[in-house]
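Taking it in order: structure first as structure tokens, then the write-up.
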């Protein structure tokens, strides 16, 4: 006697979800059209399903509304690893948000957010090196006054983690960007700070609360202050914290304020009262290091400012 056919629609949601997770995105899109029950289940669990992975993306904003997106999808089956550039223009507030919800940005390699007539933007590009210990993130921004700013972050590659810019796809939601202050004057810097902090701490630690977008303090000082407040440099975190190098170009206003800030900061986190300072015509530096008795590694934190080229380098190993 044949077994009666299974009514797929009547299956418990957890069983339907197990099946949906085995399906490709095109099949899932077709299933959403079959019945309301399938559509609701897929929409409610969309983050755990096989959405198309994005290689790079540039998002344009008209006010607070997404007006356009240029993107490439990941295509691991071809040598380049990425598909052709595609462009989408949006006419309503919801279209752009819905598009972002249906793609996976957690392994994205290039991201650009553009405001207004593209005068203001922030772009981030990352790459890893075969056999290397670090991945590199290049940040480039331009503010409303057309002042440009560049920053480069090197962090140790975590072999168990995903390689990309964003840990959390919710970062690109309009509501999240509003809370970060992206749409306010000079809000570009708050987005750069958010991405750097996520990468250094290893998880999206900012809860998208209203951010202070004031540029009174330079971005490097904002980042280091926040890491210190989080206990990133506490002695008990020395062996386990993320190793990084952070380079800032065109740091013209370092001067007395910058020197005093980093001297006081390293004075608080120095190893065994060991602080080495240097200041001459070309370079200002302050550092502290110790041979760790726990892991055997030479831990060091250092600040180096090259006066002629106005480049600031912060290292923590």
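The values are calculated or read from the model by the stated rules, or taken from the named source; none is laboratory data. Not measured: the values here are computed from a predicted model. Backbone-built Cβ (ideal geometry, glycine too); neighbour counts: all protein chains shown.
Every condition in (1) touching a residue at least 24 places away in the same chain (Cβ under 8 Å); (2) in a helix (DSSP H, G or I) is met by residue 232 except one, and the failing one is (2).
Take the stretch 236-270 and flag every residue that is in a loop (DSSP other than H, G, I, E, B) and either under 27 Å from residue 202 (Cβ atoms) or free of Cβ contacts under 8 Å to residues at least 40 places away in the same chain (or both).
Going through the stretch 236-270, the residues in a loop (DSSP other than H, G, I, E, B) turn out to be 238-243, 249-254, 270.
Of everything in the stretch 236-270, those that are in a loop (DSSP other than H, G, I, E, B) and either under 27 Å from residue 202 (Cβ atoms) or free of Cβ contacts under 8 Å to residues at least 40 places away in the same chain (or both) turn out to be 238, 239, 240, 241, 242, 243, 249, 251, 253, 270.
With the condition kept exactly as written, say whether any residue in the stretch 37-47 is surrounded by 11 or more Cβ atoms within 10 Å (Cβ to Cβ), part of a loop (DSSP other than H, G, I, E, B) and at pLDDT below 70.
Within the stretch 37-47, one or more residues are surrounded by 11 or more Cβ atoms within 10 Å (Cβ to Cβ), part of a loop (DSSP other than H, G, I, E, B) and at pLDDT below 70.
With touching a residue at least 40 places away in the same chain (Cβ under 8 Å), more than 19 Å from residue 125 (Cβ to Cβ) and surrounded by 15 or more Cβ atoms within 10 Å (Cβ to Cβ) as the only criterion, which of 66, 59 stands out? Please lay out each step first, then the result.
Details: 59 fails: more than 19 Å from residue 125 (Cβ to Cβ).
Step by step, each of 66, 59 is checked, and only 66 is touching a residue at least 40 places away in the same chain (Cβ under 8 Å), more than 19 Å from residue 125 (Cβ to Cβ) and surrounded by 15 or more Cβ atoms within 10 Å (Cβ to Cβ).
Residue count for the stretch 248-276 under the criterion of being in contact with a helix residue (DSSP H, G or I) (Cβ under 9 Å, 6 or more places away or on another chain), more than 14 Å from residue 220 (Cβ to Cβ) and either surrounded by 14 or more Cβ atoms within 10 Å (Cβ to Cβ) or modelled with pLDDT under 80 (or both): the result is 3. If only residues of the stretch 48-72 that are over 16 Å from residue 172 (Cβ atoms) and touching a helix residue (DSSP H, G or I) at 6+ places or on another chain (Cβ under 7 Å) are counted, the one that is modelled with the highest pLDDT is 50. Per the conditions (1) surrounded by fewer than 18 Cβ atoms within 10 Å (Cβ to Cβ); (2) within 28 Å of the chain's Cα centre (by Cα); (3) more than 22 Å from residue 137 (Cα to Cα), the sole criterion not satisfied by residue 282 is (2). Considering each residue of the stretch 109-124 in turn, at least one proves to be at pLDDT 85 or above and part of a loop (DSSP other than H, G, I, E, B).
Within the stretch 79-105, restricting attention to residues that are free of Cβ contacts under 8 Å to residues at least 24 places away in the same chain and in a helix (DSSP H, G or I), which residue is farthest from residue 127 (Cα to Cα)?
Pass one, the stretch 79-105, residues free of Cβ contacts under 8 Å to residues at least 24 places away in the same chain: 79-80, 84-89, 91-92, 94, 98.
When the remaining residues are screened for being in a helix (DSSP H, G or I), the result is 94, 98.
Details: 94: 32, 98: 28 Å.
Of everything passing the filter in the stretch 79-105, 94 is farthest from residue 127 (Cα to Cα).
Looking at the stretch 142-173, which of its residues are buried (at least 18 other Cβ atoms within 10 Å of the Cβ) and either modelled with pLDDT of 75 or more or over 16 Å from residue 100 (Cα atoms) (or both)? Listed by number, the residues that qualify are 142, 143, 149, 151, 153, 155, 164, 171, 172. Number of residues in the stretch 285-317 that are part of a strand (DSSP E or B) and either touching a residue at least 12 places away in the same chain (Cβ under 8 Å) or surrounded by 14 or more Cβ atoms within 10 Å (Cβ to Cβ) (or both) equals 21.
Does at least one position in the stretch 219-227 carry a residue that is surrounded by 15 or more Cβ atoms within 10 Å (Cβ to Cβ) and more than 24 Å from residue 135 (Cβ to Cβ)? If you could, list the steps in order and put the result at the bottom.
Within the stretch 219-227, the subset surrounded by 15 or more Cβ atoms within 10 Å (Cβ to Cβ) is 219-224, 226-227.
If we keep only those that are more than 24 Å from residue 135 (Cβ to Cβ) as well, we get 221.
Within the stretch 219-227, one or more residues are surrounded by 15 or more Cβ atoms within 10 Å (Cβ to Cβ) and more than 24 Å from residue 135 (Cβ to Cβ).
Within the stretch 187-195, the presence of at least one residue that is modelled with pLDDT of 60 or more, closer than 26 Å to residue 60 by Cα, in contact with a helix residue (DSSP H, G or I) (Cβ under 9 Å, 6 or more places away or on another chain) and not in a helix (DSSP H, G or I) is confirmed. Only a single criterion out of (1) modelled with pLDDT under 85; (2) under 30 Å from residue 192 (Cβ atoms); (3) out of contact with any helix residue (DSSP H, G or I) (no Cβ under 7 Å at 6 or more places or on another chain) is not satisfied by residue 86, namely (1).
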